[in-house]
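Data block below; observations after.
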Amino acid sequence: MKKALKIVAIVLAIAAAIAAIYVIVTKVIKKNQNTSEENYVSCSCEEEFASEAIA
């Protein structure tokens, strides 16, 4: 019985570690996406430069 409890405890500890890593990674990804959107500058002349470079 003690062996089964140890196995269950180990599995739960591994699951908790994976969940913690998942939460941290998703927070970092969201933070990086927000900063890149804030620094984005739109320019309507991008298409003009592309067509001039091709010609």
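For region 24-45, does any single residue satisfy the condition of being at pLDDT below 75, over 30 Å from the mean Cα position of the chain (by Cα) and open to solvent by less than 90 Å² (accessible area, probe 1.4 Å)?
Quick first cut of region 24-45, residues at pLDDT below 75 only: 34-45.
Pick out the ones that are also over 30 Å from the mean Cα position of the chain (by Cα) and you get 45.
Adding the requirement that they be open to solvent by less than 90 Å² (accessible area, probe 1.4 Å) leaves 45.
Yes, the conditions are met somewhere in region 24-45.
Determine whether residue 3 is part of a helix (DSSP H, G or I), over 15 Å from the mean Cα position of the chain (by Cα), at pLDDT 90 or above and not aliphatic (A, V, I, L, M).
Considered against the rule, which asks whether it is part of a helix (DSSP H, G or I), over 15 Å from the mean Cα position of the chain (by Cα), at pLDDT 90 or above and not aliphatic (A, V, I, L, M), residue 3 comes out as yes.
The values are calculated or read from the model by the stated rules, or taken from the named source; none is laboratory data. Worth saying up front: this structure is predicted, and the values here are computed from it rather than measured. With ligands, DNA and RNA removed, areas are computed over all heavy atoms of the protein, side chains included. Shrake-Rupley method; radii C 1.70, N 1.55, O 1.52, S 1.80 Å.
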